[in-house]
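The structure appears below as structure tokens.
The values are calculated or read from the model by the stated rules, or taken from the named source; none is laboratory data. These numbers come from a predicted model, not from an experiment. Please note: Cβ atoms are built from the backbone with ideal geometry, for glycine as well, and neighbour counts cover all protein chains shown.
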């Protein structure tokens with residue numbers, strides 16, 4: 001019997017492990033267009049996340065040029081209100097350097113347990129999306145800053161805050177710089193029981 005299938009599986013697992021370990025939050029992007037179809041393909045994969053009771057609680061808002069420009073200006077306003085004009089201008093300039101914008105929401109529920117399960121599913125979907133675009137050579141930053149909680153951002157994107165809430169603003173594009181990171185040893189985070 002050949003070891004070829006076992007070797008192929010090991011190579012696939014090594015590649016998957018490397019992709020997961022190498023995915024990073026990136027702050028600096030090249031000003032290079034990203035295929036809209038690539039992002040739609042990533043969303044298609046994202047929706048296969050684990051999902052208790054198949055509620056499919058996620059919704060994806062893929063921002064176009066006008067919505068991005070309005071979001072950059074809203075960033076300036078929100079940050080200026082909180083931290084002053086200088087910091088507002090800085091944050092707007094930083095936001096303008098991010099080529100792709102995607103907002104991911106979760107359905108709201110009066111059932112706290114269901115909403116918690118749905119939130120976890122949306123987070124898994126976001127990770128699926130981030131891994132998919134990472135494999136395509138893109139990078140991303142999952143943001144949860146003040147703009148994601150501001151009612152004006154909900155209004156801009158026509159999100160009904162009574163029915164859904166923003167889990168992530170994902171900036172994406174081709175990375176200019178990809179940072180390195182380390183994690184604790186597995187032995188520090190695992191407790192084996194009998």
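Before moving on, here are some points about what is shown:
- Each residue in the range 12-37 was checked for being surrounded by 10 or more Cβ atoms within 10 Å (Cβ to Cβ) and part of a helix (DSSP H, G or I), and 12 pass.
- Cβ-Cβ under 9 Å pairs, at least 6 apart or on other chains, the range 120-135 side on the phi > 0 side of the Ramachandran plot and outside any helix (DSSP H, G or I), far side surrounded by fewer than 19 Cβ atoms within 10 Å (Cβ to Cβ) and at pLDDT below 95: none
- The range 132-142, residues that are out of contact with any helix residue (DSSP H, G or I) (no Cβ under 9 Å at 6 or more places or on another chain) and buried (at least 18 other Cβ atoms within 10 Å of the Cβ): 141
- Pick from the range 79-93, criterion without any contact (Cβ under 8 Å) to a residue 40 or more places away in the chain and within 22 Å of residue 61 (Cβ to Cβ), ranking: surrounded by the most Cβ atoms within 10 Å (Cβ to Cβ): 91
- Residue in the range 170-183 that is at pLDDT 95 or above, over 12 Å from residue 104 (Cα atoms), surrounded by 13 or more Cβ atoms within 10 Å (Cβ to Cβ) and over 16 Å from the mean Cα position of the chain (by Cα) present: no
- Candidate set from the range 145-159 (those that are farther than 19 Å from residue 107 by Cβ and assigned to a loop (DSSP other than H, G, I, E, B)); member that is farthest from the chain's Cα centre (by Cα): 150
- Selection within the range 144-169 - buried (at least 18 other Cβ atoms within 10 Å of the Cβ) and under 18 Å from residue 97 (Cβ atoms): 147, 169
- Count of the range 101-120 residues which are out of contact with any helix residue (DSSP H, G or I) (no Cβ under 7 Å at 6 or more places or on another chain) and surrounded by 19 or more Cβ atoms within 10 Å (Cβ to Cβ): 2
- Yes/no for residue 44 being under 15 Å from the mean Cα position of the chain (by Cα) and either surrounded by 10 or more Cβ atoms within 10 Å (Cβ to Cβ) or modelled with pLDDT of 95 or more (or both): yes
- When 178, 105 are checked against the criterion of being farther than 29 Å from residue 51 by Cβ and touching a strand residue (DSSP E or B) at 6+ places or on another chain (Cβ under 9 Å), a single residue qualifies: 178.
- When residue 68 is tested against (1) touching a strand residue (DSSP E or B) at 6+ places or on another chain (Cβ under 6 Å); (2) outside any strand (DSSP E or B); (3) touching a residue at least 40 places away in the same chain (Cβ under 8 Å), exactly one condition is not met: (3).
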